[in-house]
Amino acid sequence: MAITNRRRRLFRGAAVPLIIGLILAAACSKGATPTVGPGVTSAPCPQAIDKNKGCIYLGVLSDLASGPFAALGMTVHDGQLAFWNEVNKSGGIGGYEIDISSYARDTGYDPQRHVEQYHHIEPHVLALAMSFGTTQTLAVLPKMDEADMITAAGTLWSGWQYRDTDRNLVLDGGYSYCTEAIMGLDWFARNQYQPQNIAVVAYRGNYGGDYAGGALKWASENGARITARIDTGPNSEVGNQNRPVIEILANPPDLVMLATGPAETAEIVGTLVAAGYTGRFLGSAPTWNGALLKTAAAPALTTLYHYTSPVDGWDGRSLGAQHARAAAAHEPTNWGYNLGWAGSYPMKALLTAAAANGELNRKALRREMNNLTVDTEGMTSIHSYGAQEPDLAAQRAVISVPDPTAPLGSRTLTPDYRGPTLQRLVMHGPCARL
């Protein structure tokens, strides 16, 4: 069932100041009508601002209602809706407005449903504004390859940064789960204490394997040990987090690293601290949700837990963060809104480049990725696509801490952290082969 426009009420009807470099419409070269493909129509979008413009349809495959990351997935979608609404209000792209609502589908973070819904929407969209989840996106990648279907990444698997694994189809973000763990540990060692013994609790398969791989690389480079590598899953699958808690208490480490969902994070942190664990916790971006401050784990989280993020937060000072705040009617429920906003810049840049060259079709978008450099107005690092391998030295992380007095329940400590370990590493492929 398509996600309706009911959440458009979240966004102001009043105009937001023009975003220079973001929302300037790109005219087709020499005024010619572009060569268009599926998902591009001369008829206006269903909720068109200007009925004289055509419509570019982008699909969304995400956890929008029924999976373990529904709260995050819905807020990411809200951020994308806000972004494209601003683009449309400022004239669209090449004579077209952009619609990401008509072909938005809830896949519940389930790979099989992801594949099923991809087949339903594929004939009707130019590209995907979102494909949420690593295993989920990998499940449809061969079909995307056949169809030249580009997607924005709702996943930070390190494989999206290598051309032999992403097939030049995925507009990845500023870092991977692997390098997130490395930068997070660099920050922790400098600002808390040097951990010698580390336990990693991570979802098996999807993003957890990549995050754990980064922790292993950091430990090897910095004389530390991974004393426990504990696979788990969402509570909807495994029931509870008793096993990770028991394993950690049997041999308490200096630091527990988490690559789980928010519910599992609250359970693990709260139960361990209640049982007498005195170490600290470092979480990947998806482990956090401001709603955790309403749980019994809130005191432990506010004193012992930090998390990393790839994008400037709701309290961020970058130009992009300011524009994201200005486009929302009120505070979102979690940091995913900023992720959705920041993650839309690459697709906007790609559509603009293709329209300027008079080719709004899938093959043209895929070709344009080879020459694409994207500036997210400071929300992430400037990122260039088309290279065979990522520029590790350019990657940065945002470090945050839960704070019940701050907007969205968290406060940015370091908005642009770049640690020393990535400068020393050489990587030629994903940290986790999935």
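The values are calculated or read from the model by the stated rules, or taken from the named source; none is laboratory data. Quick caveat: nothing in here was measured; it's all calculated off a predicted structure. Here the Cβ is made from the backbone with ideal geometry for all residues, glycine too, and neighbour counts use every protein chain on show.
Worth pointing out:
- Checked against the criterion of being assigned to a helix (DSSP H, G or I), touching a residue at least 24 places away in the same chain (Cβ under 8 Å), touching a Lys or Arg at 6+ places or on another chain (Cβ under 8 Å) and closer than 30 Å to P142 by Cβ, segment 219-231 has no qualifying residue.
- Some residue of segment 395-410 being within 24 Å of Y177 (Cα to Cα), under 20 Å from the mean Cα position of the chain (by Cα) and assigned to a helix (DSSP H, G or I): yes
- The single residue among A291, A300, A296 that is within 27 Å of T405 (Cβ to Cβ), touching a residue at least 24 places away in the same chain (Cβ under 8 Å), surrounded by fewer than 17 Cβ atoms within 10 Å (Cβ to Cβ) and more than 24 Å from the chain's Cα centre (by Cα) turns out to be A296.
- Condition check for T134: of a type in the set (S, T, N, Q), under 24 Å from C431 (Cβ atoms) and in contact (Cβ under 8 Å) with a residue 24 or more places away in the chain: yes
- Here D186 meets each of (1) out of contact with any Gly (no Cβ under 8 Å at 6 or more places or on another chain); (2) over 28 Å from L138 (Cα atoms) with one exception, condition (1).
- Filtered residues of segment 184-233 (kept if more than 19 Å from I246 (Cβ to Cβ), among the hydroxyl-bearing types (S, T, Y) and buried (at least 19 other Cβ atoms within 10 Å of the Cβ)): Y207, Y211
- Qualifying residue in segment 64-73 (condition: farther than 25 Å from P234 by Cβ, in a loop (DSSP other than H, G, I, E, B) and over 16 Å from the mean Cα position of the chain (by Cα)): no
- Selection from segment 81-97 of residues that are crowded, with 24+ Cβ neighbours inside 10 Å and in contact with a Gly (Cβ under 9 Å, 6 or more places away or on another chain): L81, A82, F83, G92, G94, Y96, E97
- Qualifying residues in segment 309-336 (those that are modelled with pLDDT of 95 or more and in a helix (DSSP H, G or I)) - the one surrounded by the most Cβ atoms within 10 Å (Cβ to Cβ): A324
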